[in-house]
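Data first, discussion second: the structure below is written as structure tokens.
The values are calculated or read from the model by the stated rules, or taken from the named source; none is laboratory data. Everything numeric here is computed off the predicted structure, so don't read it as measured data. Counting neighbours? That spans all protein chains shown, and the Cβs are built from the backbone with ideal geometry, glycine included.
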Ligand code: ADP
Ligand code: MG
């Protein structure tokens, strides 16, 4: 390979808002045939809004108090949905990909994915997930007391970008810790088929890297696009890791490429650019 041509490729990349860690990264894009896409913050903006609160009075206040200690998109939506000053939280703990717990006014409050859905909230949760939303259960001293529903927005460019990735010969897979309903709704909006194995949902943070490893074990050459702390290991293991520029520092450090524009279209640009660059030096 001519280093000059590779460097020209990386220079052109910078103009397109694609920051490539080193010229050797371009080489790994050549054989990529699968692209794993994180949902929240990658295919979607990750800027969630609180759209529904169901349950006992005080549910939102207690939940927002605990979530004030978390940086998760769900947490930001819940905190933004409660205007008043919040009570203090003690002994805060986050369970990655699942939820948060903390002590508020002497009570142990948990907000997160429901392991068991109480009958009282089953309807709300099912309807929310069917609509592509994320519902989290609030419990006080282990007793479920309410449900908060948050809604995310698909990035306007995601559907076009996924079509472009397909045209480049890449098979897309949506990967998320979120529920199957929300995942399927987002998938359909961007032209992915949940019935054709293009969606993997309910994955714990440490499970994302396993999905990449399984694909590689089946002979796939995998690009991964992600933004979160929970995407870092998968970004590092992938043959090509692309981090959203709006993502967490750990994700950016783990990736080979940073998409400054935080737009999935740049992922297709990155693949196209490196293939072109490599073609000129062959
Ligand atoms: P993704 O893979 O889509 O980026 P995460 O793995 O971060 O999602 O989270 C998976 C699920 O865990 C969320 O959809 C939510 O139900 C729950 N969760 C994670 N963090 C929190 C939090 N701070 N508050 C409430 N729920 C949370
Ligand atoms: Mg994410």
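Is it the case that region 116-129 has a residue that's part of a strand (DSSP E or B) and more than 17 Å from the chain's Cα centre (by Cα)?
No, region 116-129 contains no residue that is part of a strand (DSSP E or B) and more than 17 Å from the chain's Cα centre (by Cα).
Given the criteria farther than 25 Å from residue 129 by Cβ, buried (at least 18 other Cβ atoms within 10 Å of the Cβ), touching a residue at least 12 places away in the same chain (Cβ under 8 Å) and not assigned by TED's automatic domain parsing to the domain that holds residue 186, does residue 89 qualify? Show your work before the answer.
Values: farther than 25 Å from residue 129 by Cβ: yes; buried (at least 18 other Cβ atoms within 10 Å of the Cβ): yes; touching a residue at least 12 places away in the same chain (Cβ under 8 Å): yes; not assigned by TED's automatic domain parsing to the domain that holds residue 186: yes.
Yes, satisfied.
Can you tell me how many residues within region 80-97 are more than 8 Å from ligand 1 (Cβ to nearest atom) and touching a strand residue (DSSP E or B) at 6+ places or on another chain (Cβ under 9 Å)?
11
Tell me the residue from 186, 200 that is outside the structural domain of residue 55 (by TED's automatic domain parsing) and at pLDDT 95 or above, please.
Criteria check complete, one pass: 200.
Being out of contact with any strand residue (DSSP E or B) (no Cβ under 7 Å at 6 or more places or on another chain) and either away from ligand 1 (no atom under 11 Å from the Cβ) or on the phi > 0 side of the Ramachandran plot (or both) is the filter here, so list the residues in region 49-64 that pass it.
57, 58, 61
For region 237-252, how many residues meet the condition of being more than 21 Å from residue 34 (Cβ to Cβ) and touching a strand residue (DSSP E or B) at 6+ places or on another chain (Cβ under 8 Å)?
Number of matching residues: 2.
Residue 46 - would you say it is within 30 Å of residue 163 (Cβ to Cβ), crowded, with 22+ Cβ neighbours inside 10 Å and either at pLDDT below 95 or within 11 Å of ligand 1 (Cβ to nearest atom) (or both)?
Yes, satisfied.
What number of residues in region 138-180 are without any contact (Cβ under 8 Å) to a residue 12 or more places away in the chain and closer than 30 Å to residue 108 by Cα?
Summing the residues that are without any contact (Cβ under 8 Å) to a residue 12 or more places away in the chain and closer than 30 Å to residue 108 by Cα in region 138-180 gives 1.
Would you point out the residue of region 222-236, among those that are touching a residue at least 40 places away in the same chain (Cβ under 8 Å) and out of contact with any strand residue (DSSP E or B) (no Cβ under 7 Å at 6 or more places or on another chain), that is farthest from ligand 1 (Cβ to nearest atom)?
The initial filter retains those residues of region 222-236 that are touching a residue at least 40 places away in the same chain (Cβ under 8 Å), namely 222-231, 234.
This time we only want the ones that are out of contact with any strand residue (DSSP E or B) (no Cβ under 7 Å at 6 or more places or on another chain), so: 229-230.
Details: 229: 8, 230: 5 Å.
Looking at residues that are touching a residue at least 40 places away in the same chain (Cβ under 8 Å) and out of contact with any strand residue (DSSP E or B) (no Cβ under 7 Å at 6 or more places or on another chain), I get 229.
Just give me the residues in region 98-112 being free of Cβ contacts under 8 Å to residues at least 40 places away in the same chain and in contact with a strand residue (DSSP E or B) (Cβ under 9 Å, 6 or more places away or on another chain), in sequence order.
Of everything in region 98-112, those that are free of Cβ contacts under 8 Å to residues at least 40 places away in the same chain and in contact with a strand residue (DSSP E or B) (Cβ under 9 Å, 6 or more places away or on another chain) turn out to be 99, 100, 101, 102, 103, 108, 112.
Kindly indicate which of 195, 256 is within 26 Å of residue 153 (Cβ to Cβ) and either away from ligand 1 (no atom under 15 Å from the Cβ) or under 12 Å from the mean Cα position of the chain (by Cα) (or both).
Values: 256 fails: within 26 Å of residue 153 (Cβ to Cβ).
Unique residue meeting the criteria: 195.
Of the conditions (1) in the same structural domain as residue 34 (by TED's automatic domain parsing); (2) touching a helix residue (DSSP H, G or I) at 6+ places or on another chain (Cβ under 9 Å), residue 134 clears all except one; give me its number.
All conditions pass for residue 134, except number (1).
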